[in-house]
Amino acid sequence: MTVESTAARKPRRSAGTKSTAGKRTTTRNAPSAEPQLVQLLTPEGERVKNAEYDKYVAGVTPEELRGLYRDMVLTRRFDAEATSLQRQGELGLWASLLGQEAAQIGSGRALRDDDYVFPTYREHGVAWCRGVDPTNLLGMFRGVNNGGWDPNGNNFHLYTIVIGSQTLHATGYAMGIAKDGADSAVIAYFGDGASSQGDVAESFTFSAVYNAPVVFFCQNNQWAISEPTEKQTRVPLYQRAQGFGFPGVRVDGNDVLACLAVTRWALERARNGEGPTLVEAYTYRMGAHTTSDDPTKYRADEEREAWEAKDPILRLRRHLEASNHTDEGFFAELETESEALGRRVREAVRAMPDPDHFAIFENVYADGHALVDEERAQFAAYQASFADEGGN
């Protein structure tokens, strides 16, 4: 499987505002110009100068650039395998990061080992950077574990399904390490949809008042499931920080180098006692919100195709090739490694046990409940009916 292509794996339909099933999609008014953001690599892979942020990536070597590329390629390969496994009934659900690799890898590689991460449920690239085995993520989406990794072992908290609540956890943790006198920082990931949650606003308030060493990293992929960003806010998301008294910055979320630089800047502020920062990584969710979603019902093909031209992996590859920082041997070896990762993930998932179907009835009430007992019995009878049918 070629991991750089995003278009080949998705069903296509004719351009316009209707899908082949006749369902209406949303065509948004296109902005007159690209939004102002920090960019160090153009979509064509050209390196552009930035007086404020260049210093944060001045020491990045060709080897490190190849490492960033490798991270993105392997993360996309793992993500594609997970999507396939869900479609084949091996996972209950999957939230793809397709298109958001640069935002996650760039910010993830900006972290120190002693920094602490509070993710949502889509930060598979950040998990990769923190050394979390991908099979642990899949075990959670299969329903056989609650994450499978020790959060304190990787300084990477378990995934958070409740939208936006992890920002409060991150703020409290950051306040705690500040009181302990540590010089580490905390980063909280969330999406544009979560930015509308009250938990996020409360986190901004507390972190500002207590000068907490936390970076709020918003991956604005422009769609909160089927709700476009312009229906959630009248100003760019990064500008919300101004109302709480701390800085915000918008970065090209498909530019891994810019994401690395801006996150390093924000983390440096936090460690120096300068308080919180809001980073808005302006990117695009190229696939579905989750495998239970059909984006053709609300998005036009033209929009997705325009963003495919800004693919974060292709962008860095162009830069590597134009700069003579690599050769075809590197890409061939990486493709082999990518395929090996896909096989390992697939074999590991298929070796996992089936989830305990009756676990959903446990710990509903502290002392048990007659209604839960009745529901458990009904479910047991329902399960038994399949065995009876098989016997007949």
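Bridges between two residues of the chain, per DSSP, are antiparallel at a rate of about 15%. If only the Cβ of Lys and Arg carry +1 and only the Cβ of Asp and Glu carry -1, the dipole of the chain around its Cα centre is close to 1120 debye. Sorted largest first, the spans of the alpha carbon positions of region 42-129 along the three principal axes are 49, 34, 21 Å. Here the Debye sum runs over all C-alpha atoms of region 178-309 as equal scatterers in vacuum, and log10 of I(q)/I(0) at q = 0.09, 0.13, 0.14, 0.23 Å⁻¹ comes out as -0.29, -0.57, -0.65, -1.37. Using a probe of 1.4 Å on the protein chains alone, the accessible area found for Asp294 is around 60 Å². Helix 328-350 and the long axis of the chain differ in direction by around 30°, with both axes built from C-alpha atoms.
Look at the Cα gyration tensor of region 221-377: its axes a ≥ b ≥ c give a/c of at least 1.5 with a/b at or below b/c, and that counts as oblate. Using the alpha-carbon atoms, what tilt in degrees (0 to 90, nearest 10) does helix 198-209 show relative to the longest principal axis of the chain? Helix 198-209 sits roughly 40 degrees off the main axis of the chain.
Computed over the alpha-carbon atoms, region 299-392 gives an Rg to Rh ratio of 1.31, Rh here being the Kirkwood radius from the mean inverse distance. According to the square roots a ≥ b ≥ c of the eigenvalues of the Cα gyration tensor, what is the shape class of region 42-200, taking rounded for a/c under 1.5, prolate for a/b larger than b/c otherwise, and oblate for the remainder? In terms of gyration-tensor shape, oblate. Angle of helix 256-271 to the longest C-alpha principal axis of the chain, folded into 0 to 90 degrees and rounded to 10: 90°.
Counting only residues at least eight positions apart within a chain, or on another chain, the aspartates and glutamates with an alpha carbon under 14 Å from that of Lys231 are Asp192. Ligands, DNA and RNA left out, the 1.4 Å accessible surface of the chain is 50% carbon and sulfur atoms. Helical runs assigned H by DSSP (4 residues or longer) give the chain a calculated mean residue ellipticity at 222 nm of -13500 deg cm²/dmol, each run adding -39500 (n - 2.57) before division by the residue total. Around the Cα centre of region 216-292, unit charges on the Cβ atoms of Lys, Arg, Asp and Glu (plus for the first two, minus for the last two) sum to a dipole of about 120 debye.
What is region 214-257 by shape, rounded, prolate or oblate, if you read a ≥ b ≥ c off the alpha carbon gyration tensor as root eigenvalues and call it rounded for a/c under 1.5, prolate for a/b larger than b/c, and oblate otherwise? Here region 214-257 falls in the oblate category. Here region 340-380 is treated with +1 on each Lys and Arg Cβ and -1 on each Asp and Glu Cβ, and its dipole about the Cα centre works out to around 600 debye. When the Cα positions of Ala270, Gly198, Leu91 are compared along the charge dipole of the chain, Gly198 comes out farthest toward the positive end, with charges on each C-beta of Lys, Arg, Asp and Glu. Inter-part distance, region 91-144 to region 321-386, computed on C-alpha centroids, equals 15 Å.
The values are calculated or read from the model by the stated rules, or taken from the named source; none is laboratory data. Note that this is a predicted model, so its numbers are computed, not measured. So basically every Cβ, Gly included, is an ideal-geometry build from the backbone, and we count neighbours across all protein chains shown. The area values use the complete protein model at the heavy-atom level, side chains included, leaving out ligands, DNA and RNA. Shrake-Rupley method; radii C 1.70, N 1.55, O 1.52, S 1.80 Å.
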